[in-house]
Amino acid sequence: MTWFDDLAERLRTRGMPADHVEATLADLAAHLEESGGADPEAEFGPAEEFARELAPTGSRGPEAPDAHVETWRWTADTYVDEELLNRFGGEGWEVERVDALGRFVSHRDLERPQRWEYRRELVTRGREGLDERLAPDGWEACGNWLVYAWFKRPVAASLGPDAEISEPPEAPGRGRFFSGRFYLLVAFALVALVLAVVTAALDDSDSGTGLGFAGGAVVGALVPLAALWGRQVRRSRR
């Protein structure tokens, strides 16, 4: 039995509907292909633990779907996530949590959709009372991933009845929103990696030297990525 087969069986056992299982496996396979990973267990962890994260309701079985609520999962890079969260929040999408793949699990009441606003905080050193500091202004934690935490609050707290949306737009037709800067960063990393491999392959000197150079080149390619990540961290702190 493969890792994906094991995960599918565990998700069904934990009450996830069959169509959701199929969609989840497709998303995981696409993510694995995009990231270049070959081993799903190395990428996502043991199937049993990952199934608990994706379907935390356990053996209680699937809950009856609410016909008045629509659900949408989407993701974005940190260059545009806050902007998009507030745009979609203005269309009535409330983030419930951030899943193991870094996707915003959102829902919207079809009968009485309300506007939401969001903010992102850096939590590299732990939350350090962050929830308590933001709570007086109405902010509530709605997800964590890597070094970031996201908070939400209803716009009704400041606008009152005007926060209700009379005619919400349709749900976006896609679930991935990556900025041009993100794609440029990925392209730069791929080019650096390819150049490192080609240089090592063409090196006529001692093979050990070539491999050492390749390893150094790969590490060197990661330096600008780390620098850009650090810049993003500093921007988040400001």
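Data overview
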| item | result |
| --- | --- |
| The stretch 64-126: relative contact order in percent, alpha carbon pairs under 8 Å with at least 6 residues between | 40 |
| In range of the label at H20: residues from the stretch 121-154 whose backbone nitrogen is under 17 Å from the point 7 Å along Cα→Cβ | none |
| Charge context of T24, other residues only, Cβ under 14 angstrom, K/R +1, D/E -1 | -2 |
| Cleavage-rule hits (chymotrypsin sites (Phe, Trp or Tyr not before Pro)) in the stretch 123-188: DSSP loop, at most 16 neighbouring Cβ within 10 angstrom | F178 |
| Inter-label distance, nm, simple model (7 Å from Cα along the C-beta direction), L193/T124 | 2.4 |
| Cα gyration tensor category, rounded, prolate or oblate, for the stretch 122-171 with a/c compared to 1.5 | oblate |
| Long-range amide H partners of E117 with built H, under 5 Å | R153, V155 |
| Separation of the A42 and S179 label points, Cα + 7 Å toward Cβ, nm | 3.1 |
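Each value in this text was obtained by applying a stated rule to the coordinates, not by laboratory testing. Just so we're clear, the structure is a prediction, and the values are computed from it rather than from any experiment. Cβ atoms come from the backbone with ideal geometry, glycine included; neighbour counts cover every protein chain shown.
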